Each structure stands twice: as C-alpha cells, then as structure tokens.
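> The structure that follows is given in the form of structure tokens.
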Amino acid sequence: MTFTKASDNKYVDDESGRTVFARDGQSPESVIEEAALVPPPTALDARLEAKRRIIEFVSSRDASQLVVVQINNIYEQIKLLRKDTLTASEEARAVELEDFNLEILAIRVASNDLGESPPVDFADDKYWPE
C-alpha cells in the first residue's frame, strides 16, 4: 500500500482510493501503519450492510423477525394470487406487497453490484436505493 498526502491530515491509498485521516499530532508513518492493519471491505461486508438496510426498511428488530415478516408477506401474496377477483382494498394490498418485495430486491441488487471488492465507502447512501 502506498499513500499520498491529500491534505494536512488526509492520506489516500494510491491503489484502492481508500482515505485515512491522521489524529492531531499523529505521524504520517503511523497513519499508514494503522491503515495497513485494517483489511479492505469484502463482498460479505456489503451483504451485511444490505441486510442491515433491509432490516431497517422493514422496521424489524433483527434478522429472525425479518424472515417472519417476509414469509408472512409471501403467504399473503399467494392468498391474493389464488383469488379469482380482488376487491379494491385487496388490489391495493397486492400492490403494497409487490412494492415491498421490489424495494428489498433493489437493496440486494445494490449489494451484488458492489462486487467482490467494494469501495471503502460502500456503506455510503450513494450506493444504495433511497
């Protein structure tokens, strides 16, 4: 790893673009040594961020509750799909459930798009759907 000084306390890895910051009085050498100890993010890190965002989107307390919510939504969708005709409220609910699934899919696609070597700032909102 080689770092270039970008400003008074900011250093940028020439290869990855990763930025590290020096604390007051910290030498450039120690900043670079510390940065070398922190591994670059992986695809697993991006998947965990996606999971966190999905849990937040669903307003779930944890991953276990998220699974229950998703299964319940699937059962509800199947029930609606099996009906010959839907009432206006059932039609509206079917659209809500579809939108719910599309939002979760968009988060998963964003995670996959980050690839095997996501950027250091992979958790930044710019990489994820609103």
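Here, each number is a calculation from the coordinates, and none is a lab measurement. These figures come from a predicted structure and were not determined experimentally. As a convention, Cβ positions derive from the backbone with ideal geometry for all residues, glycine included, and neighbour counts pool all protein chains shown.
> Mind putting a number on the dipole of the chain about its Cα centre? Charges go on the C-beta only, +1 for Lys and Arg and -1 for Asp and Glu, and I need it in Debye to the nearest 20.
Taking the Cα centre of the chain as origin, the dipole is about 460 debye.
> Long-range amide H contacts for Lys10: which residues qualify at under 5 Å (H placed 1.01 Å from N, peptide plane, sequence gap of 5 or more or a different chain)?
Ala22
> Which loop-located GluC sites (Glu not before Pro) does segment 14-57 contain, where loop means any DSSP state but H, G, I, E or B and the Cβ has at most 10 other Cβ atoms within 10 Å?
Glu15
> Sticking with this structure for a sec: Once you put a point 7 Å from the Cα of Asp121 and another 7 Å from the Cα of Glu96, both along the Cβ direction, what distance in nm separates them?
A separation of 3.7 nm, rounded to one decimal place.
> Here's another thing I want to ask about it. Give the lysines reachable from Lys10 as a straight Cα distance under 22 Å; neighbours fewer than 8 places away on the same chain don't count.
Lys126
> Same structure again: Counting alpha carbon pairs within less than 8 Å and at least 6 residues apart, what relative contact order, in whole percent, applies to the chain?
27 percent
> Turning to a different aspect of this structure: Testing the spin-label approximation: label points 7 Å from Cα along Cα→Cβ at Glu130 and Leu44. State their distance in nm.
Distance between label points: 3.4 nm.
> Subtract the Cα-Cα distance of Leu105 and Gln26 from 0.36 nm times their separation in residues, and report this length gain in nm to one decimal.
Gain on stretching Leu105 to Gln26: 24.1 nm.
> Sticking with this structure for a sec: Using DSSP to define loop residues, name the trypsin sites (Lys or Arg not before Pro) in segment 1-87 whose beta-carbon has at most 10 other beta-carbon atoms within 10 Å.
Filter output for segment 1-87: Arg23, Arg61, Lys83.
> Helix-only estimate, please: 222 nm mean residue ellipticity of the chain, summing -39500 (n - 2.57) across DSSP H runs of length 4 or more and dividing by its residues, to the nearest 500.
Computed ellipticity for the chain at 222 nm equals -19000 deg cm²/dmol.
> With r as the distance between the Cβ atoms of Ser60 and Thr2 and R0 = 41 Å, compute the FRET efficiency 1/(1 + (r/R0)^6) and round to 0.05.
0.45
> Calculate one ³J(HN,Hα) per residue across segment 48-63 by plugging θ = phi - 60° into the Karplus curve 6.51 cos²θ - 1.76 cosθ + 1.60, and present them in order as whole Hz with x for glycine and proline.
5, 5, 4, 4, 4, 5, 5, 4, 5, 4, 7, 6, 8, 7, 6, 5
> How compact and how long is segment 43-127, expressed as Rg and Dmax of its alpha-carbon atoms in Å?
15.5, 50
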